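Participant: Okay, here's the structure, questions in a sec.
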Amino acid sequence: MDCLFCKIVAGEIPSTKVWEDDKVLAFRDIDPQAPQHIIIIPKEHISSANEITEENSSVVAKIFETAAKIAKEQGFSENGYRIVNNCGEDGGQTVGHIHFHLLAGRNLGWPPG
Ligand code: AMP
Ligand code: ZN
């Protein structure tokens, strides 16, 4: 399958890994939008939030658990952070493998977009 993030999971494309276990991978975004910008993905290919089902949704909980762990490890849990999922064209999704942006290190402003 021609999926950028599946290739990162397979090690065919290099990444700066922040966390890895059997279900989830987290790595630094190549074009950071904040001092800390980490992408968290399920290792399993799920193309977008539209494809979350009763069968695969437990990995989303794992991803949020991972985000909390990374925030503590990287030292930004107290100052705060943002977790973002872009879905589809209007959502600004550019990679067709579901991913969650973990952004921190500056005041992020609201509303986004
Ligand atoms: P989205 O626009 O929500 O689909 O986010 C895709 C994100 O993937 C963007 O923030 C890109 O900078 C990031 N990205 C694209 N290619 C790579 C790569 N090879 N390694 C790390 N991050 C990447
Ligand atoms: Zn994929």
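Participant: Restricting to the range 13-23, what's the tally of residues that are open to solvent by 50 Å² or more (accessible area, probe 1.4 Å) and either within 11 Å of ligand 1 (Cβ to nearest atom) or at positive phi (or both)? Talk me through it step by step, then tell me what you get.
Facilitator: First, pick out the residues of the range 13-23 that are open to solvent by 50 Å² or more (accessible area, probe 1.4 Å): 13-14, 16-17, 19-20, 22-23.
Retained after the next criterion (residues that are either within 11 Å of ligand 1 (Cβ to nearest atom) or at positive phi (or both)): 13-14, 16-17.
Residues that pass the stated criteria total 4.
Participant: When you check Asp2 against the structure, is it within 20 Å of Cys87 (Cα to Cα), without any contact (Cβ under 8 Å) to a residue 12 or more places away in the chain and within 16 Å of ligand 2 (Cβ to nearest atom), yes or no?
Facilitator: Here the answer is yes, as Asp2 does meet what is asked.
Participant: Return the pair list, or none, for Cβ contacts closer than 8 Å from residues in the range 96-113 that are at positive phi to residues that are in a strand (DSSP E or B) and more than 16 Å from ligand 2 (Cβ to nearest atom), at least 6 apart or on different chains.
Facilitator: If the second residue must be in a strand (DSSP E or B) and more than 16 Å from ligand 2 (Cβ to nearest atom), the pairs left are Gly105/Gln36.
Participant: Against the condition surrounded by 13 or more Cβ atoms within 10 Å (Cβ to Cβ) and among the polar types (S, T, N, Q), how does Asn86 come out, does it pass?
Facilitator: yes
Participant: Looking at the structure I just gave you, is Ala71 open to solvent by less than 30 Å² (accessible area, probe 1.4 Å), under 12 Å from the mean Cα position of the chain (by Cα), of a type in the set (Gly, Ala, Ser) and more than 13 Å from ligand 2 (Cβ to nearest atom)? Don't jump to the end; show me each part of the working.
Facilitator: Working: open to solvent by less than 30 Å² (accessible area, probe 1.4 Å): yes; under 12 Å from the mean Cα position of the chain (by Cα): no; of a type in the set (Gly, Ala, Ser): yes; more than 13 Å from ligand 2 (Cβ to nearest atom): yes.
No, not satisfied.
Participant: Just give me the residues in the range 24-45 being away from ligand 2 (no atom under 14 Å from the Cβ) and open to solvent by 30 Å² or more (accessible area, probe 1.4 Å), in sequence order.
Facilitator: As a first pass, look at the range 24-45 and keep what is away from ligand 2 (no atom under 14 Å from the Cβ): 26, 28-38.
The answer is Arg28, Asp29, Ile30, Asp31, Pro32, Gln33, Pro35, Gln36.
The values are calculated or read from the model by the stated rules, or taken from the named source; none is laboratory data. Nothing here was measured: the structure is a model prediction, and the numbers come from that model. A quick note on method: Cβ atoms are made from the backbone with ideal geometry, for glycine too, and the neighbour counts reach across all protein chains shown. Please note that ligands, DNA and RNA were not included when accessible areas were found on the heavy atoms of the full protein model with its side chains. Shrake-Rupley method; radii C 1.70, N 1.55, O 1.52, S 1.80 Å.
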